[in-house]
């Protein structure tokens, strides 16, 4: 059976990526995904806000270098207005790629086709709608980062 990061193994799915990370380690899997042009597909899936994909972010962050971390942060930021609950649940101020100040701080690369004001409004609306008490700290941190961006 081909491993998830290898060419010829089909499109990655969240369960297989998670299992592969558990079996082989995050660094190896992220490197394989990157070198086989599959990491971008994983980021695109995270950016949709699909909770299963967003939940992989902490595992991916464990094996990500600087470039892979930046992409992960941006994918989570793109997911924020679509599924704020899922994104808030993976935020971790101790990990750069998952830090609320980064994910919620509008980390988009200059020149991307995004209206920042519209993005901030939709992200704030989504984050404000999260009512889970266990996410209050992340919600507050994220709103502060959005408001200062």
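Quick note: the coordinates plus some simple rules give every number you see, no bench work behind them. Note that this is a predicted model, so its numbers are computed, not measured. Cβ atoms come from the backbone with ideal geometry, glycine included; neighbour counts cover every protein chain shown.
If one takes the longest principal axis of the Cα atoms in the chain, at what angle in degrees, from 0 to 90 and to the nearest 10, does the Cα axis of helix 116-128 lie?
Taking the Cα atoms of the chain, the angle to 116-128 is about 90 degrees.
With only alpha-carbon atoms in the gyration tensor, what are the semi-axes of the equivalent ellipsoid for region 14-147, in Å, largest first?
24, 16, 12
Select from 116, 29, 103 the residue whose mean-square fluctuation is largest in a Gaussian network model of the chain (Cα-Cα springs shorter than 10 Å).
Comparing 116, 29, 103 in a Gaussian network model of the chain, the most mobile one is 116.
What is the distance, in nm, between label points placed 7 Å from the Cα along the Cα-to-Cβ direction at residue 27 and at residue 94?
1.9
For every helix of n ≥ 4 consecutive DSSP H residues, a contribution of -39,500 (n - 2.57) applies; sum these over the chain, divide by its total residues, and give [θ] at 222 nm rounded to the nearest 500 deg cm²/dmol.
-17000 deg cm²/dmol
How high is the relative contact order of the chain, given as a whole-number percent (alpha carbon pairs under 8 Å, six or more residues apart)?
Value for the chain: 19 percent.
I'd like to compare 45-53, 121-129: which one has the highest average count of other Cβ atoms within 10 Å, and what's the full order after that?
Result, highest mean Cβ count within 10 Å first: 45-53, 121-129.
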